[in-house]
1. Taking each full run of DSSP H in the chain as one helix, which ones are at least 24 Å long along their axis (Cα atoms) and have mean Kyte-Doolittle hydropathy of at least 0.5?
2. In whole angstrom, how far apart do the alpha carbon centroids of region 37-61 and region 136-162 sit?
3. If you take the square roots of the eigenvalues of the alpha-carbon gyration tensor of the chain and sort them as a ≥ b ≥ c, do you get rounded (a/c under 1.5), prolate (a/b over b/c) or oblate?
4. Leaving ligands, DNA and RNA out of it, work out the accessible area of residue 76 with a 1.4 Å probe and give it in Å² to the nearest 10.
5. Could you work out the relative contact order of the chain? I mean the mean sequence separation of Cα pairs under 8 Å and 6+ apart, divided by the number of residues, in percent.
6. Go ahead and set up a Gaussian network model of the chain, Cα springs under 10 Å, then flag whichever of 161, 15, 65 fluctuates most.
7. List the chymotrypsin sites (Phe, Trp or Tyr not before Pro) within region 67-108 that DSSP assigns to loop and that have no more than 12 neighbouring Cβ atoms inside 10 Å.
8. Heavy atoms only, probe 1.4 Å: what % of the accessible area of the chain goes to carbon and sulfur, would you let me know?
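The values are calculated or read from the model by the stated rules, or taken from the named source; none is laboratory data. Being a predicted model, the structure only gives us computed values, none of them experimental. Here Cβ is always computed from backbone atoms with ideal geometry, including for glycine, and neighbour counts include all displayed protein chains. Only protein heavy atoms, including side chains, enter the accessible area calculation; ligands, DNA and RNA are left aside. Shrake-Rupley method; radii C 1.70, N 1.55, O 1.52, S 1.80 Å.
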Amino acid sequence: MFWDSHCHLDPDVYGSDTGVDAVVARAVAAGVTRMTTIGSGYGLRGARSASEVAARHSNVWYTAGVHPHEANIWCDEIRDELTTLSGDPRCVALGEMGLDFHYDLSPRGVQRQVLREQVRLAVSLAKPIVIHDRSAGTETLDIVTEEGGFSTNVLWHCFTGDVPYMRQIVAAGAFISIPGIVTFKNGAVMRQVAAAVPAERILIETDSPYLTPAPHRGTQNEPARVVHVAQAIAELRGLDLEEFAALTTENTRRFYRIDAPVVVDPAQITS
Ligand SMILES: [Zn+2]
Ligand SMILES: [Zn+2]
């Protein structure tokens, strides 16, 4: 039983609510019995629709936040909405939030400020934090540290740094989530990282609809495919697939502080 720790189950991405529900059903059929959908990257509508998906499916939890790509939208109304959503027990983290200096879709100064604001908010609400960090050196780590982010759980999703940076982040207290890049031909650095993350800190994700793993590259990604990510990493670490699934499922439950038992009763899964 696998847990896709980071996917975007957005009705705009998968066509409709029915499309999202079909994606969830295919995941469960593939053994991906749990998912966390990220309510960040589609404005406030994204956070609200993530909450609706989680309300329809007992095996889907959600996060809410402002993605660095759209840091420009940050305002008091959004802070208030995130505060309200964080009171929902199905809302298990704030994010994804962070810095993306690869695409630079929002000015860097705004990205830094909005990351600071969201880390402070998460700390004040005692919510775990999901980080998006791309091509920003160690600035993301510096800001999370300066704002006291490690007083709560912190996850670097889709980690794309090297082994030394991974070690720095783990030493600070963070969890690390590995995406489908680990299956790519040019994913050598990711494979080194995936082999080296301490056992109690590693999670797996699809980042659906992006980053489709081999052998499905060129098609839209969905949580069922996290099995390929798990297979690749289990092999690198010399573990049985089942053993690695159990390890990452438990780490994901711990990171998001979800108390529900790890084994899902099939009768509880609505699809
Ligand atoms: Zn991201
Ligand atoms: Zn994402």
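1. On the way: long enough: 108-125 (26 Å, -0.18).
Helices meeting the span and hydropathy rule in the chain: none at all.
2. Cα centres, region 37-61 to region 136-162: 23 Å.
3. Values: a/c = 1.45, a/b = 1.12, b/c = 1.30.
Verdict is rounded for the chain.
4. Roughly 100 Å² of residue 76 is accessible to a 1.4 Å probe.
5. Details: 561 pairs, mean separation 55.7, N = 271.
About 21 percent, as a whole number.
6. Taking springs between Cα atoms under 10 Å, the residue moving most is 15.
7. Details: sites: 74, 101, 103; in loops: 74, 101, 103.
Filter output for region 67-108: 103.
8. On the way: 5540 of 10590 Å².
For the chain, the apolar C and S fraction of the accessible surface comes to 52 percent.
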